[in-house]
Amino acid sequence: MTRLPLCVVGAGSIGQRHIEVAGLSEMIDLVAVVEPHAPLREALAAKGLPMVAALDEVPERVRAAVVATPTQDHHASTLACLSRGWAVIAEKPLAGTLDDARALRDAAQAADLPLFTGHHRRCHPFSIAGREALSAIGPLVGVQGFWSLRKHDSYYEADWRRKPGAGPLLTNMTHEIDLLRFLIGEMTEVTALLSSARRGFEIEDTAALAFRFGNGALGSFLISDAGASPWSFESASSENPAIAGSGEDYLRVTGTEGALAFPSLTRWGRSGPGEIEWSKPLARTDGARFDRIDPLLAQIERFAAVVAGGEDDVLCTAADGIAAMEMTLACALSARERRPLTPRDVPGHYTGV
């Protein structure tokens, strides 16, 4: 097997996770890690990592990159990688503004290079199976989501975490929006309410959202970093070792023929012949059990397969990443303007604050 010669651009916390999985994969040859901050670069070099200070120092044999720099640098670093002929995964969000994200999409298309956004939750086996399982519950009626994790008080000791843009709407909801699009379909309208009543900061601690999907389904979602609960993607999946697992479902989807809980994939459906209606009990079917995986490892290996000439319908494309950005920013703008908004209502320069 020919390994994909890859570099990771940015060695912060998420960059180090990409470095970790690149080192674990038999499909990846980690050729270089770009980190301009000298103390961090030297510390990682002492651990044996192939550190360089700038993209110009990356060996010519590299053919792909993962961009894991701060969001404001995504546009410049991703564009520089594409200009070198490299396929790219750029961490989410794809760029700081929609204008910059669309420019990256256009550059990748012009160069005929793969460009993906790092929404890795799609790569869990239960996410892939969940998308397939929804076909068993008939035309979709609605989805309800509940994400509530109480962040520890010391989390907010950093001043920037109390400033506009750092609340759960822009920090956490973008993950949920991409997953909802992956599972349910295109989102066409949102109405958002924000509250800062519990923490009293300038930013929100809670958001309530109402969505319309292109297939006619409706959705509601509550997200909060002030309320303690067992309900969130992280708690349900035990994906993040820093967040306590609960195994509790946090999404419920209804269709005309039944319902599905996620991520357990517990399904409720027909228990007998005739019309399904409220006087008849629904039959429960437990979801399949899946081995726990590292979704970032699965993502980078799917990426390597695409660069080698394969096809993939799970990875978050540049277009998917832009659509998630559009709806996330529409949520923020809806709350600000106190009215329903569609993705096309969001100005290309809007940052959400």
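A few remarks follow.
- Under the Karplus curve 6.51 cos²θ - 1.76 cosθ + 1.60, θ = phi - 60°, whole-Hz ³J(HN,Hα) for segment 36-41, x wherever Gly or Pro sits: x, 6, 4, x, 5, 4
- Shape of segment 163-225 from the C-alpha gyration tensor: prolate (a/c of 1.5 or more and a/b above b/c, with a ≥ b ≥ c the square roots of its eigenvalues).
- For the chain, relative contact order (Cα pairs under 8 Å, six or more residues apart, normalised by length) works out to 19 percent.
- Rounded percent of accessible protein surface that carbon and sulfur make up, the chain, 1.4 Å probe: 52 percent
- In sequence order, segment 66-79 has phi-based couplings of 10, 9, 10, 7, x, 3, 5, 9, 4, 4, 5, 5, 5, 4 Hz under the Karplus curve 6.51 cos²θ - 1.76 cosθ + 1.60, θ = phi - 60°, and Gly or Pro positions carry x.
- Protein-only accessible surface order, largest first, of Trp231, Trp86 at 1.4 Å: Trp231, Trp86
- Classification of segment 273-353 by its C-alpha gyration tensor yields an oblate form. The axis ratio a/c (a ≥ b ≥ c) is 1.5 or more, and b/c is at least a/b.
- Placed amide H near Asp29: partners under 5 Å, 5+ positions off or other chain: Leu4, Leu6
- Dividing the Cα radius of gyration of segment 67-170 by its Kirkwood radius returns 1.07 for Rg/Rh.
- Prolate/oblate/rounded call for segment 198-316, Cα gyration tensor, a/c under 1.5 rounded: oblate
- In units of the rule-of-thumb radius 2.2 N^0.38 Å, segment 1-134 shows an alpha carbon radius of gyration of 1.07.
- Listed by chain and number, the lysines placed with their C-alpha closer than 30 angstrom to that of Lys47 are Lys92; residues fewer than eight positions away on the same chain are left out.
- Beta bridges from DSSP with both residues in the chain: antiparallel share about 55 percent, rounded to the nearest 5.
- Divide the volume of the convex hull around the Cα atoms of segment 110-163 by the residue count and you get 240 Å³ per residue.
- The structure shown yields percent of Cα pairs over 40 Å apart, and of the options (i) 41; (ii) 23; (iii) 14 that calculated value carries the label (iii).
The values are calculated or read from the model by the stated rules, or taken from the named source; none is laboratory data. Since this is a predicted model, take the numbers as computed values, not measurements. The protein model used for the area step is the full one, side chains on, heavy atoms only, and it has no ligands, DNA or RNA in it. Shrake-Rupley method; radii C 1.70, N 1.55, O 1.52, S 1.80 Å.
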